[in-house]
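The next block holds one structure in the form of C-alpha cells; read it before the comments.
The values are calculated or read from the model by the stated rules, or taken from the named source; none is laboratory data. In this text, all values refer to a predicted model and were calculated from it rather than measured experimentally. Cβ sites come from the backbone with ideal geometry, for glycine too, and all protein chains shown count toward neighbours. Accessible surface is based on the protein model in full, side chains and every heavy atom, while ligands, DNA and RNA are left aside. Shrake-Rupley method; radii C 1.70, N 1.55, O 1.52, S 1.80 Å.
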Amino acid sequence: MFRRRRRRSSASRSPMPAHASFPHLFTPLQLRAKTARNRLIVPAMATHFAEPDGSAGERLAAYLEARAEGGFGIVVTENIGVHPGGRVMARMLMAEDESRIAGLARLATAIRGHGALAIGQINHGGRQTSSRLTGQELVAPSAIACPLMREMPRALSADEIPALQEAYVAAAGRLEKAGFDGVEIHAAHGYLAASFLSAYSNRREDAYGGSPENRLRFLAGIVAGIRARCSPDFLLFVRMSVEEFVPDGLVPEDVVVISRQLEALGCDVISLSVGVYESYNQLTMLSGEPEGPWLDRAGVVRRAIGIPVVGVGRIKRPERAEAALAEGKIDLAAVGRGSITDPGFPNRLYRGAGPAAVACMSCNLCLGRSARPEMICPVNPFVGRERDLAPPAPKQGMRLLVQGAGFAALTAAWLAARRGLDVTLAHGAQPLGGMQAWRSRVPGQAEYAVAVRAVVERARAGGVDIRPGSVAPAGFGLIWRERRLEPARIDAASASKTVVTAYAVLADTAGSIKGRVLVAGDDLAAADAALLLADRGLAVTLRTPARDIGFDAHPGFRVLNRRLLLERGAQIEVSVADPFDHVQNFDAVVVGRLDAASSVDPQLWNTDWGNPADAQIDDCYEPGALAQAVYRAVELTQSF
C-alpha cells in the first residue's frame, strides 16, 4: 500500500530560485583549466571608452567591471588593435607594443576580480577602415574596396603576410602577460582575418587565396602562432560570421569546414555572428525583429564540431537562451546590448529578483551613436559612467515635484532621490513611460513595455513617490516640468477633414478614425501611426516629403516599418512635394513631422502642466532624441 504524501500548503513553500528554471544557463563550462561560472557572455562591442592614445583607462575598466560584477560568466573586451594600420575607430584600444600591457592588466583585473573570465578580442580592420584614421595605406587580401568605406586597399604581397600574422600573435602574448584568460581573434564582419576567409573579398591566386584551404591559411597561421607562443591553458576563441549575406560570402556550410580545421588547430571556442559592413543594413536587429534569428545557423556549426559555440543576436529573454542551449544549438549565449542596459541581469536572474528579461529596447543607439560619439543608452545613461552613480553632495530635506511621465522625467526623479531629495512624480493623465509607453502599443514594439517597467520600478525602488493625476505645487522647493516634442502642424491639412496628429493616434486620444486615411510625415512617429492604423484594417497611405519614411530614426526602423506596412496593405509614397495633394480623396488626415527643422520651434512642444517650473525636462518619441533628453536630465540632477 502506498502512503499518500501530505501536500504542503502554498504558503509553506519557499519560492523556487529563478536559476532552477534555467539549468543550462547556470551550468558552469570547463574550458581547459578554467571554468566559466555560467553560459552568459558579454560579447565584444565597440564603446569608444578607451583613452585617445589607445590605452585602457579607468572608464573602460569600470564599464567591464560592472558586467563582471553583474554575474556574466565571460566578458570579452571590445576589439583591440594589433597594428596601427588596422585601427577602426579613433578611440580604439591597442595592444601593438609592450607599453600597452600595464593598461590591459587593469582591464583583466577589473573583470577577473569578480569571477568572470577575461577574454581580449584582437583585430585588424583591413579594408574596412579609413586611411584618414590610420594614417596608413589600407591593406587587404585583394584590391577590392569596401562598398561602405569606398577606399581602395592595396593587396598584400605574400612576403608581407607573416608580419601581420605576427602582429596578432604578439598582441595575444601581451594579453596573456596582462593577466587575461584568453584571446578572441576577430575573424568576422569583414575585417582583415575575415576578408581572407571569404571569396567575397579574397580573389588571390596564390597560397592565400582560391581554395577554402588557402583562404584559411592566414587565420590558421595566427592560431598556430598563438598556440606556440602562449601557455597551454590560455584560451583561444575565434569569432566568425556564420553567414555574410553577400555574393560569394560565407554560409554555414563553409563555416562548418573552417571550424573543424580550427578545432584541430587547438581553438577552444567558436563565436558566431553574421554579416559584413555591406550587409549590415539587412541585419537591423531592432525592436520588432525576431529574437535569436541566427541561432539556427549557429546550430548547424555546433552539431558538426566538438568545441563550444557562442550564439548571438537579440538574446533578451532567458527562456530563448535556455532553449537554444537545451536544443544543442549553442553552448554560450551572448547578451550584447542587453548587458549595456542591464549589467546585473545574470545575478538578478539567478536570485529571481525583478523581471526575467533585460530592459534593452533594441533601439541600437548604443552601436549607432546617433546621439553621441560613444556608447550610450536611454535606459541606462550611466553606461561608461559607472563610477558617477555614486551620488554627488546630498541635498537632504529639499522637496522636489517632477511633473511628467517619460523616461527623462523618471530618470531625473530617480537620480534626485539618490541625492537625498524628497521626490514626488506626478504623471497626470499620461501613462508611465510617456511617449515610449505609446510606442509599446505599435505592432511589433510590445517589448518597449519591459523597458518602461524597468525605468518605473527603478524610480520607485529609489524612493520616488509616483502618483497619477496632478499634485498641488505648494510646499515644494523645486518643480521640474515635462514637455513633449510633437512637431506636427495640423493647419497644413484640409480643415474639412478629420485631422489629427500622429502623436494623438499613438497616444490613443485621436478619437474614431474611419475609412481611407492619409498619413503625412517624414518621422518615425508618422510611420508608426500609419502602422497602428493599418493594423486596425484601415486603408492607409503614408506620404513623406523626404526620400524615405521614418527619416529621423535608425535606418533599420525604415526597413522594418516599410515591410510591416506593406504586409498590411498600406501604400507608401516618398519624395512627395505636396503630401496633401488630392486630400479630398481621403476620409481622415493624420499629420506628423513635415519639416526636419521644425523640432526647434517652441510652439511644437506640448505640455500638460500650466504652472511655472524651475527646470524643463523633455520627452521625445524617436529613440535618439529620447536619449538626448535623458542625458540632459542626468546633467540637470548633477547641476544643483
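Just to verify a result, which residue in segment 610-627, among those that are in a loop (DSSP other than H, G, I, E, B) and more than 28 Å from the chain's Cα centre (by Cα), is surrounded by the most Cβ atoms within 10 Å (Cβ to Cβ)?
So the first thing to find is which residues in segment 610-627 are in a loop (DSSP other than H, G, I, E, B), and the list is 610-614, 620-622.
Next, only the ones that are more than 28 Å from the chain's Cα centre (by Cα) stay: 610-614.
Working: GLY610: 7, ASN611: 12, PRO612: 8, ALA613: 18, ASP614: 14.
Ranking the qualifying residues of segment 610-627, first place goes to ALA613.
Suppose we filter ALA446, ALA417, ALA454 for residues that are touching a strand residue (DSSP E or B) at 6+ places or on another chain (Cβ under 9 Å) and hydrophobic (A, V, I, L, M, F, W, C); which single one remains? Even if it seems obvious, please write down each step before you answer.
Numbers: ALA446 fails: touching a strand residue (DSSP E or B) at 6+ places or on another chain (Cβ under 9 Å); ALA454 fails: touching a strand residue (DSSP E or B) at 6+ places or on another chain (Cβ under 9 Å).
Only one candidate qualifies: ALA417.
Which residue, of ILE258, ILE307, ILE226, is outside any helix (DSSP H, G or I), more than 25 Å from the chain's Cα centre (by Cα) and either of a type in the set (Asp, Glu) or over 30 Å from ASP528 (Cβ atoms) (or both)?
On the way: ILE258 fails: outside any helix (DSSP H, G or I); ILE226 fails: outside any helix (DSSP H, G or I).
From the options ILE258, ILE307, ILE226, the qualifying one is ILE307.
For every residue, the table says whether it meets (1) farther than 21 Å from GLN628 by Cα; (2) touching a residue at least 24 places away in the same chain (Cβ under 8 Å); (3) in contact with a Phe, Trp or Tyr (Cβ under 7 Å, 6 or more places away or on another chain).
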site: ALA526; (1), (2), (3): no, yes, no
site: LEU531; (1), (2), (3): yes, yes, no
site: LEU542; (1), (2), (3): yes, yes, no
site: VAL559; (1), (2), (3): yes, yes, no
site: LEU564; (1), (2), (3): yes, yes, no
site: ILE572; (1), (2), (3): yes, yes, no
site: VAL589; (1), (2), (3): yes, yes, no
site: PRO602; (1), (2), (3): no, no, no
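Could you check ILE305 against (1) out of contact with any Ser or Thr (no Cβ under 7 Å at 6 or more places or on another chain); (2) in contact (Cβ under 8 Å) with a residue 12 or more places away in the chain; (3) over 28 Å from MET375 (Cβ atoms); (4) open to solvent by 10 Å² or more (accessible area, probe 1.4 Å) and say which number it fails?
Condition not satisfied by ILE305: (1).
Results for (1) assigned to a loop (DSSP other than H, G, I, E, B); (2) closer than 20 Å to MET94 by Cβ; (3) open to solvent by 40 Å² or more (accessible area, probe 1.4 Å), shown as yes or no for each residue.
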site	(1), (2), (3)
PHE26	yes, no, no
THR35	no, no, yes
MET45	yes, yes, no
GLU51	yes, yes, yes
ARG59	no, yes, yes
TYR63	no, yes, no
ALA66	no, no, no
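Search segment 245-255 for residues being part of a loop (DSSP other than H, G, I, E, B) and in contact with a helix residue (DSSP H, G or I) (Cβ under 9 Å, 6 or more places away or on another chain), and hand back the single one that is surrounded by the most Cβ atoms within 10 Å (Cβ to Cβ).
If we filter segment 245-255 for residues that are part of a loop (DSSP other than H, G, I, E, B), which is where we start, we get 245-251.
With the extra rule that they be in contact with a helix residue (DSSP H, G or I) (Cβ under 9 Å, 6 or more places away or on another chain), the set shrinks to 245-246, 249-251.
Details: PHE245: 17, VAL246: 20, GLY249: 21, LEU250: 25, VAL251: 15.
Step by step, filter segment 245-255, then rank; the result is LEU250.
Taking segment 73-116 on its own, how many of its residues are under 15 Å from GLU184 (Cβ atoms), not in a helix (DSSP H, G or I) and not β-branched (Val, Ile, Thr)? Before the answer, list the steps.
Looking only at segment 73-116, we keep the residues that are under 15 Å from GLU184 (Cβ atoms), and these are 73-82, 93, 95, 104, 107-108, 111, 116.
With not in a helix (DSSP H, G or I) added as a condition, the list becomes 73-82, 93, 95, 116.
Narrowing the set further to residues that are not β-branched (Val, Ile, Thr) leaves 73, 78-79, 81, 93, 95, 116.
The total comes to 7.
Is there a residue being open to solvent by 40 Å² or more (accessible area, probe 1.4 Å), touching a Lys or Arg at 6+ places or on another chain (Cβ under 6 Å) and not aromatic (Phe, Trp, Tyr) anywhere in segment 475-495? Quick ask: steps written out before the conclusion?
First pass over segment 475-495, keeping only residues open to solvent by 40 Å² or more (accessible area, probe 1.4 Å): 475, 477, 481, 483, 489-492, 495.
Those left that are additionally touching a Lys or Arg at 6+ places or on another chain (Cβ under 6 Å): 477.
Narrowing further to those that are not aromatic (Phe, Trp, Tyr): 477.
Yes; the residues of segment 475-495 include at least one that is open to solvent by 40 Å² or more (accessible area, probe 1.4 Å), touching a Lys or Arg at 6+ places or on another chain (Cβ under 6 Å) and not aromatic (Phe, Trp, Tyr).
Tell me yes or no: at least one residue of segment 236-244 is of a type in the set (A, V, I, L, M, F, W, C) and surrounded by fewer than 22 Cβ atoms within 10 Å (Cβ to Cβ). Before the answer, list the steps.
Initially, segment 236-244 is screened for residues of a type in the set (A, V, I, L, M, F, W, C), giving 236-238, 240, 242.
Next, from what is left, pick out any that are surrounded by fewer than 22 Cβ atoms within 10 Å (Cβ to Cβ): none.
There is no residue in segment 236-244 that is of a type in the set (A, V, I, L, M, F, W, C) and surrounded by fewer than 22 Cβ atoms within 10 Å (Cβ to Cβ).
Mind listing just one residue for me: the one in segment 563-609 that is touching a Ser or Thr at 6+ places or on another chain (Cβ under 9 Å) and of a type in the set (Val, Ile, Thr) and, of those, most open to solvent (accessible area, probe 1.4 Å)?
VAL574
Being of a type outside the set (A, V, I, L, M, F, W, C), part of a loop (DSSP other than H, G, I, E, B) and at pLDDT 90 or above is the filter here, so list the residues in segment 265-287 that pass it. Please lay out each step first, then the result.
Step one: filter segment 265-287 for residues of a type outside the set (A, V, I, L, M, F, W, C), giving 266, 268, 271, 273, 275, 277-282, 284, 287.
Next, from what is left, pick out any that are part of a loop (DSSP other than H, G, I, E, B): 266, 268, 275, 284, 287.
Matches in segment 265-287: GLY266, ASP268, GLY275, SER287.
Does ARG439 meet the test of being modelled with pLDDT of 95 or more, buried (at least 24 other Cβ atoms within 10 Å of the Cβ) and not aliphatic (A, V, I, L, M)? First the steps, then the outcome.
Numbers: modelled with pLDDT of 95 or more: yes; buried (at least 24 other Cβ atoms within 10 Å of the Cβ): yes; not aliphatic (A, V, I, L, M): yes.
So ARG439 fits the description; yes.
Open to solvent by 10 Å² or more (accessible area, probe 1.4 Å), touching an Asp or Glu at 6+ places or on another chain (Cβ under 9 Å) and among the small types (Gly, Ala, Ser): which single residue out of ALA525, ALA504, ALA510 fits that description? First the steps, then the outcome.
On the way: ALA525 fails: open to solvent by 10 Å² or more (accessible area, probe 1.4 Å); ALA510 fails: touching an Asp or Glu at 6+ places or on another chain (Cβ under 9 Å).
On inspection, the qualifying residue turns out to be ALA504.
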